[in-house]
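Colleague: Pasting a structure below so you can have a look.
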Amino acid sequence: MVKNHLDQNGSPKAPRSQEELEHSDVKKLWEDIDQFIDVLSACHDKSNPPEVPETVETFSKIIDSKIHKHNTCEREEDNFLIEAVSRLSKLTNSLSEFPSTTRSLNRTSMVLQRAMTFMEEDLRMLLEDNSSVKVYKNSSFNSNRLLLVDGDQCVLTLSESSGGDEEYPSFPPATVTRMNRIASAMILAGYETECCQVYSISRRNAFGEQMKKVEFEKINMEDVQRMPWNSLEGEMTRWIRVVKSCSTTLFPGERRLGDSVFSESPKISESLFSNLARAVVIQLLDFAEAVTLTKRSAEKLFKYLDMYEAMRDLIPTINMLCSSECEESNELNSEIQATADRLGESALSIFCDLEDSIKNDVARTPVPGGAVHPLTRYVMNYLKYACEYKVTLEHIFQQHVKLDGSNSNPPVKSKPALEVAEGESESPHSSETTPFSIQLVTIMDLLDTNLEAKSNLYRDHALHHIFLMNNGRYILQKVKGSTEIHQVMGDTWCRRRSTIVRQYHKNYQRETWGKVLQILSHDGMQVHGKVAKTTVKERFKNFNAMFDEIHRSQSSWIVSDEQLQSELRVSISALVIPAYRSFFGRFRQYLDNAKQADKYIKYQPEDIETLIDDFFDGNTTSMARRRT
């Protein structure tokens, strides 16, 4: 029953209006309500409840009035209302234990329902008020506390592992505190479902807006498979950027906001985040799955690896943000890992397809000038970029290739024209053999075999060696220029390759200049102890013709490596010029007169040195230009 308070005349005293309540009255009202709640809690006989004081009705009216006047309320009054509603929910819960308090219970329940409707709408408005949201740069996520920047802004910080400055929209601390109090009040009042629904819908919409800002758009599987490579490459780049943003910024920031709003209900915060993360990640996985079903080609390898790394880095983010007991996050990680594995399988398949590309590159005509073959450039640049993902490829190969005797793709041992230097290991790679290193060595061996076959297309044996020297030097420089490839191939392989390239150089000199040096030899110049003038004339004539032909042809040959080009010219000069200068100085005097000398002596020693500088420039007009 309701206890009526009487005035001095013994008449029932009417409840005071809200406007009549002073601060002391409000404080007294809180105390009365708290005291009555304690009395109800202490009452064990639920069939005989204590009398319901008049303050319960007064309290209900105050809250009802506050709800109606919400639009004109000051923030202080909003805080008052949230605190009042928290007391009202406790009071309603206590009254519900006593069947005979139906009238008072109905009254408080009705007011509480109105209050929850108001709070639900208020929470929605706070969550959707974009005008209060700002973006701040930050670089750490090592605390569960809210940080204040200049006392004005609540910053949701990121993990130290994210690296670099990241951005995430943040609410002012006063707004977050208000959300927290509303959420706590609604959950305490038994309106957890409504509270979570409002928060979930609002945050999914806000997260969707953030995804749009990083240019993420959902694309169906059929469209992905129909896309030309240029378009698909752009979509893959955007997808990678979105996944990285989720890992380093969006997911950590979203979890921080949930932890702040639901600080008193960590399981609710985790559940809300897990559901949101799952909805987002499933869209991302759908795209990745569609990509793995597209036609595989060599140019897709690096984007596949980028996608694989982005997926790999997403898993520890989910683990960091969710407890190991969270079943939803564990299932989500399993799905992420499964998709990452399929991306890894696709990348591995593309990388191994390089073998077939090399085997199927069968040329019928030689590269002009013995230059570096396009296949050599393609393969070595491909390997250089691939080895920038060495750690990732090692991991993928370890997962998908077993290093045993039944390996279906054993290394192909090439048979170069030159044997391995004595005392050196025939194995080109380092002592730590891995599935990836085996594959890399296999590709290098196949390239060697292919180039050896292509060198046989040259009829000129000297050009044959120039071609092998050019390509061998290019391969060696690429290996030395890439730390990752060098680590796999090893120092022994590099020394062996250098020896082989030097031998090609010697072979070229022998093929080209051997006969020239025979002409310039002093042997056979004397008959019966005297120099034969006829032999002198014949030797000068033969030298002129042979050198002209060598200059004509080898000026059109190509050595694009400037150092190698210089080494070749220096070595030719060191070989030919001293021999010619000696022959010239020794036998020029045996020509009868100046006219004969001009006829048979075409070049001065200085001319030979100048002409050698024309070699290997790829210039077919060099001699013609000099003759004019």
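The values are calculated or read from the model by the stated rules, or taken from the named source; none is laboratory data. Here the structure is a predicted model, which is why all the values come from computation and not from measurement. Positions of Cβ are generated from backbone atoms using ideal geometry, with glycine treated the same way; all protein chains shown enter the neighbour counts. For accessibility, only protein heavy atoms count, side chains too; no ligands or nucleic acids. Shrake-Rupley method; radii C 1.70, N 1.55, O 1.52, S 1.80 Å.
Colleague: Going through the stretch 435-538, which trypsin sites (Lys or Arg not before Pro) have at most 12 other Cβ atoms within 10 Å and a DSSP loop state?
Modeller: Qualifying residues, ordered by number: 459.
Colleague: While we're on this one: Could you give me the percent of Cα pairs per 10 Å distance bin for the stretch 239-318, shortest bin first, beginning at zero and ending with the bin that holds the maximum distance?
Modeller: Taking every Cα pair in the stretch 239-318, the percentages come to 17, 43, 24, 11, 4, 0.
Colleague: With every protein chain kept in place and ligands, DNA and RNA left out, what is the accessible area per residue of the stretch 512-622? Probe 1.4 Å, answer in Å². Intermediate values should be presented prior to the final figure.
Modeller: Values: 5820 Å² over 111 residues.
Computed with neighbouring chains in place, this is 52 Å² per residue.
Colleague: Right, another one. Relative contact order of the stretch 163-301: what whole-number percent is it, with Cα pairs under 8 angstrom and at least 6 residues apart?
Modeller: 35 percent
Colleague: Still on this structure, please answer the following. Residues with beta-carbon under 14 Å from that of residue 562, excluding residue 562: net charge, scoring Lys, Arg +1 and Asp, Glu -1?
Modeller: Values: positive: 473, 569; negative: 561, 567, 613, 617.
Value of the local net charge: -2.
Colleague: Now for a different question. Among 567-575, 437-445, how do they line up by average Cβ neighbours within 10 Å per residue, starting with the highest?
Modeller: The most tightly packed comes first, giving 437-445, 567-575.
Colleague: Give the Cα extents of the stretch 215-356 along the principal axes, in whole Å, largest first.
Modeller: 60, 27, 22
Colleague: Using DSSP to define loop residues, name the GluC sites (Glu not before Pro) in the stretch 208-286 whose beta-carbon has at most 15 other beta-carbon atoms within 10 Å.
Modeller: Loop-located and lightly packed - 215, 217, 264.
Colleague: Once ligands and nucleic acids are excluded and a 1.4 Å probe is used, how much of residue 171 is accessible, expressed in Å² to the nearest 10?
Modeller: 10 Å²
Colleague: Which one, 527, 544, 499, is farthest towards the positive end of the dipole of the stretch 446-546 when Lys and Arg carry +1 and Asp and Glu -1 on their Cβ?
Modeller: Checked the options; the winner is 527.
Colleague: May I ask for the distance between the Cα centers of the stretch 245-270 and the stretch 470-527, given as a whole number of Å?
Modeller: Cα centroid to Cα centroid, the span is 64 Å.
Colleague: Here is a further query. For the stretch 215-356, what is the number of Lys pairs with C-alpha distance below 24 angstrom, counting only pairs 8 or more positions apart or on separate chains? Could the numbers behind the result be given before it?
Modeller: Working: 218/244; 218/295; 218/300; 218/303; 244/300; 244/303; 295/303.
Going through the stretch 215-356 pair by pair, I get 7.
Colleague: Let me ask another. Evaluate the Debye formula for the stretch 512-622 with equal point scatterers sitting on the alpha carbons, no solvent, and hand back log10 of I(q)/I(0) at q = 0.14, 0.15, 0.20, 0.24 Å⁻¹, in q order, two decimals.
Modeller: Here log10 of I(q) over I(0) equals -0.59, -0.66, -1.04, -1.37.
Colleague: Separate question: Dipole magnitude of the stretch 512-622 about its Cα centre, charges +1 at Lys/Arg Cβ and -1 at Asp/Glu Cβ only, in debye to the nearest 20?
Modeller: Roughly 880 debye, rounded to the nearest 20.
Colleague: Rank by packing, highest mean first: peptides 299-306, 518-525, with packing defined as the count of other Cβ atoms within 10 Å averaged across residues.
Modeller: The densest-packed peptide leads the list: 299-306, 518-525.
Colleague: Translational diffusion coefficient of the stretch 551-604 at 20 °C, 1.002 mPa s, Stokes-Einstein with Kirkwood Rh over Cα pairs, in µm²/s as a whole number.
Modeller: Rounded to a whole number, D works out at 159 µm²/s.
Colleague: On to the next question. Roughly speaking, what is the stretch gain from residue 570 to residue 477, that is 0.36 nm per residue apart minus the C-alpha to C-alpha distance, in nm to one decimal?
Modeller: 31.5 nm
Colleague: What number does the stretch 275-326 give for Rg over Rh if you use C-alpha atoms and the Kirkwood radius?
Modeller: 1.07
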